[in-house]
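The values are calculated or read from the model by the stated rules, or taken from the named source; none is laboratory data. Here the structure is a predicted model, which means the values were calculated and not measured. Cβ atoms come from the backbone with ideal geometry, glycine included; neighbour counts cover every protein chain shown. Side chains are part of the model used for accessible areas, which takes the heavy atoms of the whole protein and leaves out ligands, DNA and RNA. Shrake-Rupley method; radii C 1.70, N 1.55, O 1.52, S 1.80 Å.
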Amino acid sequence: MSKLKEASGKDSILQLPAVFNSFRFNFSSPSYGIHQHLEFSYKLSGYDENWSSWTQQSEKSYTNLQDGEYTFLVKVRNNLNQVSSVAEYSFVVLPPWYKTLWAKIGYFLLATLGVLGLIRLRKIEQHKQQLKHEKQLSSCCVISISWKLKKMKKKL
């Protein structure tokens with residue numbers, strides 16, 4: 001799994017390629033024996049705006065997450081309405097290759113080359129038009145000169 005990167009340092013955050021953009025979180029509480037009375041609330045920071053309503057369901061799936069930074073937060077409440085501290089797991093979904101800085105530089109270079117190519121083509125077309133116009137003028141002048149010469153010959 002060389003495509004999975006982990007940032008160095010104490011608070012390392014898992015960095016995942018864009019293809020790993022669907023997740024299923026399973027969570028539980030160490031309160032043995034009272035699982036039927038536990039309720040969970042969760043939130044994916046960076047995706048969800050609010051905490052979920054309390055539920056006994058102990059899993060949550062997210063699919064097709066956009067690139068960005070996320071933190072999954074979960075808390076548990078027991079039958080005495082005591083709420084635990086928040087447990088969290090942070091990760092980053094990296095952008096796909098076509099959204100990277102190198103791709104954007106490539107797009108810019110291609111666009112620049114395209115514009116320069118269009119300018120070059122336009123100049124070539126203008127030059128061809130100018131040559132065509134000059135050719136028409138020169139043939140017109142040759143016809144005019146030849147017509148004048150014939151006229152002069154007739155006078156002589």
| query | Out of segment 46-61, which residues are under 22 Å from I13 (Cβ atoms), surrounded by 15 or more Cβ atoms within 10 Å (Cβ to Cβ) and over 20 Å from the mean Cα position of the chain (by Cα)? | reply | D48, K60
| query | Which residue out of F27, F40 is surrounded by 14 or more Cβ atoms within 10 Å (Cβ to Cβ), at pLDDT 90 or above and within 30 Å of N78 (Cβ to Cβ)? | reply | F40
| message | Residue pairs, Cβ under 9 Å, 6 or more apart or interchain, first in segment 39-50 and more than 18 Å from N81 (Cβ to Cβ) and without any contact (Cβ under 8 Å) to a residue 24 or more places away in the chain, second open to solvent by 60 Å² or more (accessible area, probe 1.4 Å) and of a type outside the set (G, A, S). List them. | response | Y47/Q66
| note | For segment 126-145, pairs from a residue that is modelled with pLDDT of 80 or more and in a helix (DSSP H, G or I) to a residue that is open to solvent by 100 Å² or more (accessible area, probe 1.4 Å) and aliphatic (A, V, I, L, M), with Cβ under 7 Å and 6 or more apart or across chains, are none
| Which of the residues spanning segment 68-87 are part of a strand (DSSP E or B) and either without any contact (Cβ under 8 Å) to a residue 24 or more places away in the chain or surrounded by 15 or more Cβ atoms within 10 Å (Cβ to Cβ) (or both)? | Y70, T71, F72, L73, V74, K75, V76, R77, V83
| field | Count of segment 36-50 residues which are part of a strand (DSSP E or B) and among the aliphatic types (A, V, I, L, M) | value | 1
| Say we look at segment 51-63 and pick out the residues that are among the hydroxyl-bearing types (S, T, Y) and part of a strand (DSSP E or B); which of these is farthest from N78 (Cα to Cα)? | Y62
